[in-house]
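Written below as structure tokens is the structure these notes are about.
Values quoted throughout were computed directly from the atomic coordinates according to the rules given, and no laboratory measurement underlies them. Predicted model only: the values in this text are computed from it and were never measured. Cβ placement follows ideal geometry from the backbone for every residue including glycine, while neighbour counts extend to all protein chains displayed.
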Amino acid sequence: MGPMGYCIYVTRSTFPRILYDMLRDAGFRLEVWDNSGRGMWDRAAAPPRDVLRDAASRCDALVVTIGDRVDEYVLSNARVKVIATYSVGYDHIDLEAATKRGIPVGYTPEVLVEAVADFAMGLLIALARRIVEGDRLVRGGEAYRVWGEYLGTEVWGKTLGILGLGNIGVAIARRAKAFNMNIIYWSRTRKPWVEVALGIRYVNLDDLFRQSDYLVVSVALSNETYRMVNEDRLRLMKKGSYLINIARGAIVDTNALVKALKEGWIAGAALDVYEEEPLPATHELVKLGNVILTPHIASATVETRNKMAEVVAQSVINVLLKGGKPIYQANKV
Ligand code: NAP
């Protein structure tokens with residue numbers, strides 16, 4: 001079959017342009033779900049499940065992202081030869097369901113690491129120095145009346161705990177070194193070579209929660225990590241400590257976190273991801289002053305988003321036109 005015969009189903013119309021251009025230039029026919037007017041991570045932006053299932057049964061490739069659940073139901077009648085997700089996390093894809101059908105799953109690690117690590121450090125410093133609160137005070141005309149009370153805490157010399165030392169965790173550690181932070185981590189797999197290279201220390205999970213002044217969540221979401229930041233562990237944290245989550249919302253038990261913030265078990269939190277996205281404007285978290293809330297934008301730079309788009313498009317091209325593999329493959333087929 002020539003490339004024109006291949007149909008690629010793309011679940012958003014708002015990916016970077018290069019994604020559609022590369023696929024069209026390769027000669028594919030694109031079917032694009034129109035989500036204009038809605039943010040990419042907005043649940044309502046995703047095609048309904050029956051539409052995705054129908055696409056998987058007619059098309060040769062699916063280009064999806066967070067919010068598109070690709071599972072047994074969607075793949076039950078599939079003819080797709082490749083699935084490529086515009087994300088490094090692939091918790092929305094049932095890898096087993098894809099693997100048993102021989103479908104490779106492409107994803108986009110590495111290209112977003114530096115952007116996400118920058119953002120995590122940005123949140124950490126914004127929390128420590130109350131940058132967002134300060135902005136609100138200036139806008140409200142209150143800034144100089146209460147200025148003296150607005151003390152932050154230092155970053156220099158404090159302990160940073162990293163929960164999940166993957167690519168992003170390591171990139172955060174590299175940055176934190178420059179701020180003279182004492183760095184500890186817990187990860188499923190111990191990384192002795194990183195310990196040596198960066199002078200960081202492995203601790204058990206409880207100690208990570210006990211010792212951290214700033215705790216950054218950078219672990220992947222899976223059955224094992226679902227709500228691993230729970231009430232018991234939040235209670236282990238220091239009173240003046242801060243939690244930063246740039247990984248996935250469901251790694252943190254949100255109700256327990258709200259309690260921790262309200263009752264002062266910890267000093268504050270910065271969240272880029274939520275159990276429910278978008279976070280409802282009426283949510284308890286929105287009412288709290290000691291949290292910074294961002295709309296899942298840790299990887300959102302022009303450069304990184306374009307690189308992610310290129311990886312996705314090239315992965316589809318590799319499989320359909322070259323008999324090859326996605327650039328990065330999440331499963332083994
Ligand atoms: P990565 O290099 O693949 O690292 C994954 C991390 O998760 C590693 O620490 C790994 O542990 C751990 N992990 C995976 N499966 C696990 C399991 N079953 N139990 C315990 N730990 C497990 O990925 P990355 O690039 O650092 O990204 C990490 C996560 O950040 C992604 O999965 C994604 O959800 C999230 N993320 C969010 C944004 C955003 O926009 N907010 C952007 C990019 C990424 P070991 O290596 O120790 O085995």
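Along the axis of the charge dipole computed for the chain (Cβ charges of +1 for Lys and Arg, -1 for Asp and Glu, origin at the Cα centre), the listed residues T304, F15, V273 are led at the positive end by T304.
Qualifying trypsin sites (Lys or Arg not before Pro) in the stretch 203-261, where qualification requires a DSSP coil assignment and no more than 15 other C-beta atoms within 10 Å, comprise K239.
With the helix formula -39500 (n - 2.57) applied to DSSP H stretches of n ≥ 4, the chain reaches a computed 222 nm mean residue ellipticity of -10500 deg cm²/dmol. In this structure the amide hydrogen of V82, modeled in the peptide plane, comes within under 5 Å of the amide hydrogens of L62, none closer than 5 places in sequence on its chain.
Summing charges over neighbours of Y20, with a neighbour being any other residue whose Cβ is under 13 Å away from its Cβ, gives -1 when K and R count +1 and D and E count -1. For the stretch 111-293, a simple Cβ point-charge model (Lys and Arg +1, Asp and Glu -1, everything else neutral) yields a dipole of about 440 debye relative to the Cα centre.
Among L215, I184, L234, which residue has its Cα furthest toward the positive end of the charge dipole of the stretch 111-293, with +1 on Lys/Arg Cβ and -1 on Asp/Glu Cβ? Projecting each Cα onto the dipole axis, the largest value belongs to I184. Net charge dipole, the stretch 215-293: roughly 360 debye, given to the nearest 20, about the Cα centre with Cβ charges of +1 for Lys and Arg and -1 for Asp and Glu.
In order along the stretch 292-298, the phi-based Karplus estimate (6.51 cos²θ - 1.76 cosθ + 1.60, θ = phi - 60°) of 3J(HN,Hα) comes to 10, 10, 10, x, 6, 10, 4 Hz; Gly and Pro are listed as x. Comparing L198, G27, P47 along the charge dipole axis of the chain, the residue lying farthest to the positive side is L198, per the Cβ-charge model. Applying the Karplus relation 6.51 cos²θ - 1.76 cosθ + 1.60 with θ = phi - 60° to the stretch 49-66 yields 3J(HN,Hα) values of 4, 5, 5, 5, 5, 4, 4, 5, 8, 10, 9, 9, 8, 10, 10, 10, 8, 3 Hz, where x marks Gly and Pro. Gyration tensor analysis over the Cα atoms of the chain returns equivalent ellipsoid semi-axes of 38, 22, 18 Å (largest first, whole Å).
Taking amide hydrogens as placed 1.01 Å from N in the peptide plane, the amide H of I183 sits under 5 Å from those of L160, R201, each at least 5 positions away in sequence or on another chain. Among the GluC sites (Glu not before Pro) within the stretch 92-181, those in coil by DSSP and having at most 16 neighbouring Cβ atoms inside 10 Å are E110, E142, E154. Taking a ≥ b ≥ c as the square roots of the eigenvalues of the Cα gyration tensor, an a/c ratio of 1.5 or more together with a/b larger than b/c marks the stretch 258-333 as prolate.
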